[in-house]
1. In this structure, is residue 67 buried (at least 19 other Cβ atoms within 10 Å of the Cβ) and assigned to a strand (DSSP E or B)?
2. Of the conditions (1) out of contact with any helix residue (DSSP H, G or I) (no Cβ under 8 Å at 6 or more places or on another chain); (2) outside the structural domain of residue 87 (by TED's automatic domain parsing); (3) surrounded by fewer than 18 Cβ atoms within 10 Å (Cβ to Cβ), residue 7 fails just one. Which one is it?
3. Would you be able to say whether some residue in region 349-365 is touching a residue at least 40 places away in the same chain (Cβ under 8 Å), in the same structural domain as residue 333 (by TED's automatic domain parsing) and in contact with a helix residue (DSSP H, G or I) (Cβ under 8 Å, 6 or more places away or on another chain)?
4. Restricting to region 70-98, name every residue that is part of a strand (DSSP E or B) and loosely packed, with under 15 Cβ neighbours inside 10 Å.
5. Residues of region 507-531 being more than 21 Å from residue 439 (Cβ to Cβ) and surrounded by 18 or more Cβ atoms within 10 Å (Cβ to Cβ), which ones?
6. Specify the residue that is farthest from the chain's Cα centre (by Cα); the eligible residues are those in region 356-375 that are part of a loop (DSSP other than H, G, I, E, B) and surrounded by 17 or more Cβ atoms within 10 Å (Cβ to Cβ).
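The values are calculated or read from the model by the stated rules, or taken from the named source; none is laboratory data. Predicted model only: the values in this text are computed from it and were never measured. Reconstructed Cβ throughout: ideal geometry from the backbone, glycine too, with neighbour counts over all protein chains shown.
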């Protein structure tokens with residue numbers, strides 16, 4: 001045989017797969033080379049490229065054929081060298097020798113011999129408490145050197161509180177941790193989470209994630225009041241404590257630092273005490289009558305950015321103190337009552353008000369009576385202040401009365417005030433005029449000389465009325481006359497004068513009826529009768545007026561009445577004349593030249609002392625008149 005054939009491997013490349021966990025000494029048969037030559041020209045030897053992991057072992061079979069064996073010298077590590085390429089050469093024994101080569105590619109099969117490894121054992125993150133949901137917190141990462149499922153890592157929380165798991169979400173594939181809930185610095189300032197990385201072969205490792213929540217000024221201060229309503233007496237001194245409250249801000253640092261103020265202008269102030277407690281105090285005197293209740297708004301503000309604040313209201317009620325005396329609406333009350341009133345008739349009221357409240361403002365009224373003073377004609381209702389006349393009043397006896405009224409409150413001690421109550425009695429036309437002259441029921445006699453001219457003063461009718469005002473205004477009229485045209489009566493003064501000169505044809509005796517009427521409603525009246533004698537001389541006074549009855553005297557009752565009046569008037573004239581004569585002696589004689597007797601027109605001119613003018617007669621004698629011509633006549637009876 002001639003060595004004309006080279007060795008030939010069945011394939012140019014042999015691929016061998018060996019697990020990395022294969023122990024050293026492991027033998028693996030390789031494909032042998034074929035040589036068509038025989039004998040020594042056939043394949044005689046194999047050789048392997050140098051490699052620390054493998055060696056070549058050649059064994060000869062019984063038939064002398066050489067078999068190459070691959071021997072593992074040391075542990076494989078896929079992560080270190082996943083594939084090893086060797087060159088296997090086969091050489092024959094010819095001369096020159098022939099050879100052939102084949103590529104041996106050893107693929108190291110992976111085994112789950114590596115655990116996942118995190119790039120950090122502890123992840124530390126600072127996160128604001130107002131972070132939005134879905135915001136990325138951190139991304140954890142673990143590496144597994146294995147391949148395939150052995151190198152596929154999955155992430156999960158372990159040994160983590162439920163609260164943290166509810167606030168954060170971990171992506172099992174990517175390792176991203178995101179916010180899934182509302183963080184609150186005030187509830188939990190720090191979150192610690194354990195993350196477990198597991199490969200496909202159930203190998204795992206852990207890392208720690210620490211999330212520090214940073215404070216954000218997201219909490220307004222909280223005002224905690226012991227009570228929303230407080231009470232205080234109005235006489236409380238300044239700096240009296242009204243209410244106690246505390247302020248709390250759940251934030252930290254300046255975000256949790258607070259200050260308190262009162263909104264508005266009130267007589268109150270805030271004073272810090274301890275540990276965020278404040279006292280609401282008075283800083284001025286209070287007056288319930290000015291302000292009975294205060295609605296105080298307290299504002300608490302923190303120092304964060306932006307500054308947050310909150311408000312609470314405290315209602316302060318001011319207790320009443322009896323510091324106000326009753327006050328009458330008037331210092332002087334003037335009330336009117338018409339005389340002849342019914343007993344216990346209401347004539348008016350007094351009113352006092354007290355600025356206090358409750359029993360301190362309950363006013364009671366009473367009349368002020370001095371010790372020993374008689375019971376007044378008035379009374380006042382203690383509750384209403386109505387004024388009553390206790391009895392019927394008479395204007396002619398009592399025209400006015402004045403008392404003091406006291407108003408007392410119900411406080412302790414009680415306070416009081418006084419006012420003057422003046423009651424004026426209003427006149428009622430309850431009195432008829434009274435004729436003073438001529439007096440008596442039989443009438444009075446007057447003498448008139450035959451030579452009397454027109455305007456000669458015959459007499460003056462004097463009447464009085466006990467009423468007042470219009471009820472006492474009197475008017476005079478001539479109701480009846482024997483000769484209507486001879487005499488006239490002044491309606492206001494009551495003077496009876498001749499209306500014309502007396503004539504010889506005039507009857508010597510005349511009877512006049514005078515009617516006196518007041519102006520009240522309804523009017524009241526009185527009448528008087530005058531007997532007038534016409535004489536040639538006053539010495540003829542002995543002539544009796546009754547010798548001849550006056551014409552037209554139909555009423556006998558009237559006649560008797562006139563006779564009685566005349567008698568009374570005559571007696572009155574006698575007494576009045578004597579008094580006037582004595583007074584006249586001391587008077588100035590400046591009136592001697594007066595031709596006719598007249599009545600003075602004023603009380604001051606009569607020198608009559610305390611007598612009213614209407615009751616005074618002056619005796620005046622003209623020059624040359626004889627004393628025998630002046631006589632006082634008695635009443636002329638018919």
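1. On the way: buried (at least 19 other Cβ atoms within 10 Å of the Cβ): no; assigned to a strand (DSSP E or B): yes.
When the stated conditions are applied, residue 67 does not pass them.
2. The one condition residue 7 does not meet is (3).
3. So far as region 349-365 goes, yes, one or more of its residues are touching a residue at least 40 places away in the same chain (Cβ under 8 Å), in the same structural domain as residue 333 (by TED's automatic domain parsing) and in contact with a helix residue (DSSP H, G or I) (Cβ under 8 Å, 6 or more places away or on another chain).
4. Answer for region 70-98, where residues must be part of a strand (DSSP E or B) and loosely packed, with under 15 Cβ neighbours inside 10 Å: 83, 85, 87.
5. The answer is 520, and nothing else.
6. If we filter region 356-375 for residues that are part of a loop (DSSP other than H, G, I, E, B), which is where we start, we get 356-357, 362-363, 369-375.
Those still in the list that are surrounded by 17 or more Cβ atoms within 10 Å (Cβ to Cβ) too: 356-357, 363.
Values: 356: 16, 357: 15, 363: 25 Å.
Filtering region 356-375 for residues that are part of a loop (DSSP other than H, G, I, E, B) and surrounded by 17 or more Cβ atoms within 10 Å (Cβ to Cβ), the one farthest from the chain's Cα centre (by Cα) comes out as 363.
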